[in-house]
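K.L.:
Before anything else, here's the structure in question.
The values are calculated or read from the model by the stated rules, or taken from the named source; none is laboratory data. Computed from a prediction, not measured in an experiment: that's the story for all the values here. In this analysis, Cβ positions are derived from the backbone assuming ideal geometry, glycine residues included, and neighbour counts consider all displayed protein chains. Just so you know, the surface numbers come from the protein's heavy atoms only, side chains and all, with ligands and any DNA or RNA stripped out. Shrake-Rupley method; radii C 1.70, N 1.55, O 1.52, S 1.80 Å.
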Amino acid sequence: MSAKFDLNDDGVVVVIGSGAGGGVLANELAQKGISVVCLEAGGRHLPQDYQNDEWGSFGQISWLDARTTSGDWRVAKDFSGLPSWIVKAVGGSTVHWAGASLRFQEHEFKAKTVYGEVNGANLLDWPIGLSELEPYYDKAEKKLGVTRTNDIPGLPGNNNYKVFEAGAKKLGYKQVHTGRMAINSQPRDGRTACQQVGFCFQGCKFGAKWSSAYVDIPQGEATGNLEVRTNAHVLKIEHDKKGKVTGVVYADKDGNQHLQKARIVSVAGNSIESPRLLLNSASTMFPDGLANSSGQVGRNYMRHMTASVYASFEKPVRFWRGTTMAGIITDESRHDPSRGFVGGYELETLALGVPFMAAFLNPGGWGREFAAAMDTYENMAGMWIVGEDMPQETNRITLNHAVKDQYGLPAPNVHFDEHPNDVAMRNHAWRQGAALYDSVGATQTYPTPPYPSTHNLGTNRMSAKARDGVVNKWGQTHDISNLFVSDGSQFTTGASENPTLTIVTLAIRQADYIAKQMAAKSI
Amino acid sequence: MKKIITSKGISRRDLLKGCITVGAGLAVGAGFVAGSTAVWAMETKHVTPNEMATLIQMSRDIYPHDNIGDQYYAAAVKGFDSAESKDRVEAGVAALDAAAQGNGFANYLSVPWEADRANILRGMEQSAFFQTMRGNLVTGLYNNKEVWPFFGYEGESYSKGGYINRGFDDITWV
Ligand SMILES: Cc1cc2nc3c(=O)[nH]c(=O)nc-3n(C[C@H](O)[C@H](O)[C@H](O)COP(=O)(O)OP(=O)(O)OC[C@H]3O[C@@H](n4cnc5c(N)ncnc54)[C@H](O)[C@@H]3O)c2cc1C
Ligand code: SF4
């Protein structure tokens with residue numbers, strides 16, 4: 001039974017957002033008997049509502065509030081009002097995510113030490129290392145049912161994977177398999193096995209893929225300790241004279257505003273909304289926004305170095321059939337500066353339907369060259385490139401006072417300039433991807449530029465010292481002891497792996513910490 | 001596709017009577033555009049049939065798929081036949097025709113080679129008119145379920161139980 005808490009109940013933990021970070025934290029706290037109110041800006045959509053239709057699904061649950069862009073990244077030109085692809089719904093972006101679930105590597109927690117000074121990069125070591133996270137990675141992999149962990153078999157390879165694997169072997173790559181995926185390869189946790197539907201990005205109608213929308217949120221609600229309020233958009237976090245947060249103001253679906261009191265507030269609105277909310281909560285006591293004594297709130301925005309390679313072949317591939325991203329090569333994710341850049345990248349299979357392929361293959365492209373590529377759609381294979389990008393202080397989320405959202409609040413501007421390291425890594429990956437497909441007979445390869453960001457990281461980063469970042473190693477803000485950050489904005493650096501397993505890991509660990517601190521009455 | 005897209009129910013014979021053939025395969029009559037073989041036709045209310053024919057040709061030149069009939073391009077630009085788009089269409093087509101004249105042709109529709117039409121378009125690639133047309137086509141053409149079969153794309157698969165028993169790993173050539 002879902003709980004129901006009073007607006008004046010100042011003993012609750014308020015969690016803002018119900019995605020990978022917020023949804024997991026809310027459930028984990030509820031499991032420990034802690035009262036939680038989770039405020040989610042979007043509505044509740046479950047597998048029966050998901051659509052096997054790319055634009056239909058996008059229109060149904062994407063975050064489409066006003067946003068602006070600047071900087072030299074191509075997204076600012078091609079998709080100026082859509083810097084990122086994020087979900088506004090219970091479950092957040094875990095509704096759309098593909099399920100790739102990888103642990104970070106040891107050295108990636110120590111980017112500054114291992115990579116050394118990189119011009120223009122604001123590198124910093126994480127205040128934690130792999131060994132500290134390992135027990136929590138174990139828990140996260142169990143929760144998500146990650147394939148190739150806990151004796152769960154890998155998924156079968158689809159057509160796109162077959163081409164990818166054959167090319168990987170020809171090229172001499174050693175580590176290629178169907179991925180560590182939060183997708184059931186066999187029935188587990190009351191959910192069915194993957195039916196190879198091929199619309200993982202549109203929400204899994206079979207529920208084979210883990211999502212906090214239909215796993216953690218209902219589990220938390222079943223404890224009687226969690227109340228999820230949908231269509232509850234948080235506008236501001238309030239604080240008292242001592243500088244402790246006291247509650248949050250949110251708008252309900254009719255636009256009416258309410259104040260929910262709180263003992264603790266956790267921000268998990270993804271890396272654009274979380275810093276924006278802290279900035280929009282500025283007061284006379286905190287004129288630069290909450291938890292911003294370092295000036296780092298909103299800075300060091302990372303989106304991963306991304307790109308894709310598609311290729312056409314003489315014969316059909318029909319790559320849209322089956323799991324969207326169950327295929328990975330990890331050979332390039334090592335740190336090996338002899339390649340001309342620091343950090344590494346992963347290659348992962350990817351397929352888009354005709355509607356998204358038309359929009360993303362070469363945004364703005366047209367004419368016979370573009371149409372000829374589309375004409376080979378049935379014979380295409382594809383991969384996504386995801387690598388570590390450099391944190392830069394000037395890549396940041398700021399408030400754009402010239403553009404207002406539906407509540408009259410300044411919209412976030414997302415500024416991103418590419419670092420030369422990002423560019424060098426992308427060029428390397430494009431070459432490798434094309435060589436892979438050429439080795440199995442591609443007639444044409446397409447180096448495709450980045451899409452609107454699906455991985456948004458770093459804008460409230462973790463640091464050992466208060467002056468270098470926004471939160472400590474528990475995600476607790478350096479400045480305000482009862483204010484936490486629980487999403488990917490905590491990331492000190494981005495690593496080469498897809499982020500969600502680490503977001504979930506940090507949320508499970510943070511729940512332990514919060515419970516202990518509450519029990520000790522220290523917050 | 002033996003389909004006539006018109007709300008007036010004009011017969012195919014009526015259609016071809018008094019038509020002027022323009023461009024590659026388009027016929028323009030009073031208040032409508034048709035395929036020159038009259039297998040489809042589209043009535044226009046706000047823009048002229050000649051303007052609509054130009055938009056259809058321009059759409060094909062932006063995304064030239066030789067196995068996709070004009071009726072799909074027509075469906076993609078149909079929305080521009082509205083009171084609010086009327087002036088923009090008129091100005092846009094006038095600009096296209098002027099550019100064609102600058103290259104020694106009577107108007108855009110009378111430019112015989114695609115490469116020459118594409119050149120004209122490239123010259124106005126940055127214009128709001130071109131960008132609106134291209135942007136609209138990305139969904140107007142490629143998000144039309146009826147064109148997906150031309151690309152081999154199968155669309156929705158949940159109702160068929162996914163591909164687990166329907167060939168998710170059926171290729172044998174690798
Ligand atoms: C198409 C796609 C594919 C992806 N594939 C993968 C993958 O394979 N592997 C991987 O690791 N990652 C993947 N990701 C990324 C993954 O989805 C995100 O990393 C993850 O969901 C981020 O978690 P989060 O908690 O930071 O934010 P989210 O999961 O986005 O949740 C944020 C929630 O907060 C809510 N919210 C925001 N602001 C407010 C507010 N002011 N008030 C109330 N609620 C608010 C939002 O509505 C949303 O529900 C993918 C993403 C996309 C879009
Ligand atoms: S392919 Fe598998 S995981 Fe993806 S949507 Fe279909 S059933 Fe779900």
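K.L.:
Run down the lysines and flag those whose C-alpha is under 26 Å from the C-alpha of A:Lys521, throwing out any fewer than 8 positions away in its chain.
P.N.:
List returned: A:Lys4, A:Lys32, A:Lys236, A:Lys241, A:Lys242, A:Lys244, A:Lys261, A:Lys465, A:Lys473.
K.L.:
Among A:Phe109, A:Leu46, A:Val75, whose Cα sits farthest toward the positive end of the charge dipole of the range A:6-152 (+1 at Cβ of Lys/Arg, -1 at Cβ of Asp/Glu, about the Cα centre)?
P.N.:
Toward the positive end, the furthest listed residue is A:Val75.
K.L.:
I would also like to ask the following. Nearest 500 deg cm²/dmol is fine: what mean residue ellipticity at 222 nm does chain B get from its DSSP H runs of n ≥ 4 alone, each adding -39,500 (n - 2.57), divided by its residue count?
P.N.:
Value at 222 nm, helices only: -12000 deg cm²/dmol.
K.L.:
Angle between the Cα long axis of helix B:128-140 and the longest principal axis of chain B, 0 to 90 degrees, nearest 10?
P.N.:
So the helix axis and the longest Cα principal axis differ by about 30 degrees.
K.L.:
Roughly how far apart, in whole Å, are the Cα centres of the range B:159-174 and the range A:200-279?
P.N.:
A separation of 39 Å, based on Cα centres.
K.L.:
Take the Cα of B:Thr21, step 7 Å along the line toward its Cβ, and report every residue of the range B:66-90 whose backbone nitrogen sits under 11 Å from that point.
P.N.:
none
K.L.:
May I ask what percent, to the nearest 5, of DSSP beta bridges between residues of the protein assembly as shown are antiparallel?
P.N.:
For the protein assembly as shown, the DSSP antiparallel bridge percentage is about 75.
K.L.:
Sticking with this structure for a sec: Placing unit charges on C-beta atoms (Lys and Arg positive, Asp and Glu negative, everything else neutral), compute the dipole magnitude of chain A about its Cα centre in debye, rounded to 20.
P.N.:
Roughly 480 debye for chain A.
K.L.:
On each of the three principal axes of the Cα atoms of the range B:12-148, give max minus min coordinate, whole Å, ordered largest first.
P.N.:
Over the range B:12-148, Cα extents along the principal axes are 40, 35, 32 Å.
K.L.:
Turning to a different aspect of this structure: Want the number for A:Ala435 to A:Gln48: 0.36 nm per residue separation, take away the alpha-carbon distance, what's left?
P.N.:
Using 0.36 nm per residue and subtracting the Cα-Cα distance, I get 135.2 nm.
K.L.:
Could you compute how much accessible area chains B and A hide from each other, both sides summed, with a 1.4 Å probe? Nearest 100 Å² is fine.
P.N.:
Summed over both sides, the interface buries about 3600 Å².
K.L.:
Each label point is 7 Å from the Cα along the Cα-to-Cβ direction; what then is the distance between the points at A:Asp72 and A:Ser283, in nm?
P.N.:
Label at A:Asp72, label at A:Ser283, 4.1 nm between them.
K.L.:
I've got another one for you. When the dipole is taken about the Cα centre of the range B:12-148, and only Lys, Arg (+1) and Asp, Glu (-1) are charged at their Cβ, what size is it in debye, to the nearest 20?
P.N.:
With only Lys, Arg, Asp and Glu charged at Cβ, the dipole is about 220 debye.
K.L.:
By Kyte-Doolittle mean hydropathy of at least 1.6 and Cα axial length of at least 30 Å, which whole DSSP H helices of chain A are selected?
P.N.:
What comes out of the filter, once short or polar helices are dropped, is none.
K.L.:
Please find the FRET efficiency linking A:Ala372 to B:Ala91, where r is the Cβ-Cβ separation and R0 is fixed at 41 Å, and quote it to the nearest 0.05.
P.N.:
0.85
K.L.:
Right, another one. What distance in nm separates the two pseudo spin-label positions at A:Asp151 and A:Asp189, each 7 Å out from Cα along the beta-carbon direction?
P.N.:
Result: 1.8 nm between the two label points.
K.L.:
On average, how much accessible surface per residue is there in chain B, in Å², for a 1.4 Å probe, leaving out ligands, DNA and RNA?
P.N.:
Accessible area per residue: 47 Å².
K.L.:
How many angstrom lie between the Cα centre of the range A:70-118 and the Cα centre of the range A:447-523?
P.N.:
After rounding, the separation between the Cα centres reads 14 Å.
K.L.:
Starting from the Cα-Cα distance between A:Ser80 and A:Asp512, subtract it from 0.36 nm times their residue separation and give me the gain in nm to one decimal.
P.N.:
Going from the current span to full extension adds 151.5 nm.
K.L.:
OK, next. Cα extents of chain A along the three principal axes, largest first, in whole Å?
P.N.:
Principal-axis extents of chain A (Cα, largest first): 68, 50, 44 Å.
K.L.:
May I ask you to list the trypsin sites (Lys or Arg not before Pro) in the range A:219-269 that are in a DSSP loop and have at most 16 other Cβ atoms within 10 Å of their Cβ?
P.N.:
A:Lys241, A:Lys242, A:Lys244, A:Lys253
K.L.:
Residue farthest toward the positive end of the dipole of the range A:431-491, with Cβ of Lys/Arg at +1 and Asp/Glu at -1: which of A:Asn482, A:Ala464, A:Gln444?
P.N.:
A:Ala464
K.L.:
Note down the nm distance, to one decimal, between modelled labels 7 Å out along Cα→Cβ at B:Trp113 and at A:Lys253.
P.N.:
Each label point lies 7 Å from its Cα, and together they span 6.0 nm.
K.L.:
To the nearest 500 deg cm²/dmol, what mean residue ellipticity at 222 nm is calculated for chain A from DSSP H runs of n ≥ 4 alone, each contributing -39,500 (n - 2.57), summed and divided by the residues?
P.N.:
When only DSSP H runs of four or more count, the value is -7500 deg cm²/dmol.
K.L.:
Quick one: if the Förster radius is 30 Å, what FRET efficiency do B:Thr172 and A:Val114 give, using the C-beta to C-beta distance and rounding to 0.05?
P.N.:
Efficiency, rounded to the nearest 0.05: 0.10.
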